[in-house]
Every structure is written in C-alpha cells, then in structure tokens.
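Every read-out reported here was derived from the displayed coordinates using simple, explicitly stated rules and does not represent laboratory data. All figures in this text were calculated on a predicted structure; none of them were measured in a lab. Positions of Cβ are backbone-derived with ideal geometry, glycine not excepted, and every protein chain shown enters the neighbour counts.
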Amino acid sequence: MKKIILLFAFSLTFLSCSSSDEDISDNSLIGTWKISEEYLNGEKTQLRECQENDFTDFFSNNTFKATFYEKVDNECITNDDSSGTWKHVSGEEYNIIVGDKKVWLTLLDNTTFKLFEDKNKVNSYEIWELQ
C-alpha cells in the first residue's frame, strides 16, 4: 500500500468538469490529510507501525507534498517525501499520476477520501481524513 501512497503523492490529470464544479471540488481537497484505514481485498487491515503519521498536504495551486514514516530503532522517522501536482477529473474524482502509473481518489464527503491504486480493484483502497 506504500506504493499507493507514493503514487498518491504526485500529479493528477484533468479530464472534464464545469468551472463551478471544479472550484467546489478543488477547494474540498485543499488541506492536510492523514491515512486512517487500509483495506485489502475488502478486508480492513491494521496500518503498519508509524503509518498513522503519514500525511499529504494539498495546496490551492494544484500542488501537494506527501510525507511517509517508518519505524527505525523504535522511532518513527520520515522515510520518504514526495511532491507533485493534482488535477480534478469530474464530480468528486481525481486522477493521480506518478511516472507511468495512475491512482484514483474519490472524495466521500468534505472530510474523507478513498484512494485506489487500481480502479478495477475496488476492494483494495485506503481511507484518508482531513485534519
């Protein structure tokens, strides 16, 4: 799932939306988000140690920075930072592109989104919450 998060930490591709829809959805994504849950094959899994510290900041200029943690010598330390751009797709959906890979993000409400590595594997995803 770390790969999902890393993919999440890069650019999105704009497909279509009206300007008013774009403004509402884009503003909904702006802020600091933290991972809260992870599901593999429909089953909720326990977050790895220190994963609850992972966060992503979305900025109004369509950029973001993601920071990820791991446990080293009984201490949670930053093990990876990623940054990139994001774009609104339509409605509550966003595409995130990292290199040649794509990740899908769907806002569930004003404070929660679901992150998919593979849009065809809807039973494996992460839930992130606005802080």
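Around the amide H of V103, modelled in the peptide plane, lie the amide H atoms of I96, I97, V98, all under 5 Å away and 5 or more residues distant in sequence or on another chain.
Model label sites at T85 and D73, defined 7 Å from Cα along the beta-carbon direction, differ in position by 4.0 nm. With 0.36 nm allotted per residue and the present C-alpha distance subtracted, the R48-T111 stretch has 20.4 nm of extension available. For the range 41-85, the square roots a ≥ b ≥ c of the C-alpha gyration tensor eigenvalues yield an a/c of 1.5 or more together with a/b not exceeding b/c, which makes the shape oblate. Multiplying the residue separation of N41 and K121 by 0.36 nm and subtracting their alpha-carbon distance yields 28.0 nm.
Apply the a/c threshold of 1.5 to the C-alpha gyration tensor of the range 32-131 and tell me whether it is rounded, prolate or oblate. It is oblate, given that a/c is not under 1.5 and a/b is not larger than b/c. A simple rule links phi to the HN-Hα coupling: the Karplus curve 6.51 cos²θ - 1.76 cosθ + 1.60 with θ = phi - 60°, which for the range 79-87 gives 10, 6, 10, 9, 9, x, 10, 9, 9 Hz, with x for Gly and Pro. Do any GluC sites (Glu not before Pro) in the range 43-95 lie in a loop, going by DSSP, with at most 14 other beta-carbon atoms within 10 Å of their beta carbon, and if so which? Answer by residue number: E49. The amide H of E38, built 1.01 Å from its N in the peptide plane, has T45, I127 as neighbours under 5 Å, considering only residues 5 or more places off or on other chains.
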